[in-house]
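Below is one structure; the comments refer to it alone.
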Amino acid sequence: MTEEAVQPRVKTVRTGNNTKSGLKFSFSSLVLIIFCSFLLVISTFIKLNIIHFSIPSEMFSGRELKIQDYVHTFNLIPQVPAVMFIAGLLGRKFGLASVLIYILTGLFILPVFALGGGWRYLGEYGFGYILAYIPAVYLTGTILKSGFTYKNIGKAVFVGIFTIHIIGILYMLAVAGIRHEGLMFTTGWILAQSGVKIIYDFILSYLSVLVAKYARLVLWLYM
């Protein structure tokens with residue numbers, strides 16, 4: 001028996017930035033897809049109270065200001081970071097399946113959206129943001145397929161969030177146009193959904209994809 005014949009075969013797991021190997025479809029991957037859909041449902045009903053510094057509008061009015069006038073509390077629903085996490089963890093194809101399960105469940109099975117559910121939800125101002133999860137998770141997953149470098153994660157998150165907010169705003173404008181709503185009303189909705197929220201979406205989404213990166217390294221060892 002030659003020395004070459006007795007050499008053991010060792011399975012190598014790459015833990016670098018290049019994570020091109022995708023998740024293969026199996027019972028375990030199906031469980032992950034369903035779990036991520038459930039994660040979207042959970043994130044819909046979570047509110048993060050973020051406190052940050054702000055310049056009050058009365059700063060030059062002559063009124064005496066207190067410390068609390070410079071502090072603003074922002075309520076953030078972390079659903080967009082959850083979508084970015086799913087794109088990073090599952091990739092574009094399985095991530096797309098997870099998002100579709102969530103949307104179809106909300107439209108036809110259970111009221112899992114923030115304001116309920118059912119096919120009538122198509123007429124809600126904010127549904128465009130939910131609908132935008134479909135192209136966003138696909139584009140984000142496509143970019144991350146080339147690697148999880150810090151630069152590439154930033155690019156993927158930027159594209160994903162930009163897609164969600166642009167489609168969400170356009171959908172909102174379309175619904176407002178059909179309902180003949182005024183400019184002030186529509187602008188208020190846009191600022192509430194796509195104002196300072198974009199900044200927090202980007203920060204939390206970047207961190208979410210980093211978590212997804214290392215979650216992949218752990219899960220892929222056992223799947």
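A short reminder: the numbers here are calculations on the coordinates, not readings from a lab. Computed from a predicted structure; not experimentally measured. Every residue, glycine among them, receives a Cβ derived from its backbone with ideal geometry; neighbour counts consider all protein chains shown.
Using the alpha carbons of segment 27-219, what is the convex hull volume per residue in cubic angstrom, as a whole number?
Hull volume over Cα atoms, normalised by residue count, gives 132 Å³.
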Legend entry - segment 80-119: radius of gyration over Cα atoms, expressed as a fraction of 2.2 N^0.38 Å: 1.23
Legend entry - Where the Cα pairs of segment 150-197 fall when distances are cut into 5 Å bins, in %: 5, 20, 24, 19, 12, 8, 6, 3, 1
Legend entry - Projected area, mean over directions - segment 122-178, Cα convex hull, nm²: 3.5 nm²
Legend entry - segment 122-223 - Rg and Dmax from Cα coordinates, angstrom: 16.3, 55
Inset, instruction - Using label points projected 7 Å from each Cα along Cα→Cβ, tell me how many nm separate Ala174 and Lys145, to one decimal. - result: 2.6 nm
Legend entry - Estimated FRET transfer efficiency when R0 is 35 angstrom, pair Met184-Leu207 (beta carbons, to 0.05): 0.50
Legend entry - Computed over segment 27-219: relative contact order in percent, which uses C-alpha pairs under 8 Å that are six or more apart: 24 percent
Inset, instruction - State, to one decimal in nm, how far the label point of Leu48 lies from the label point of Ser26, with both points 7 Å from Cα in the Cβ direction. - result: 3.2 nm
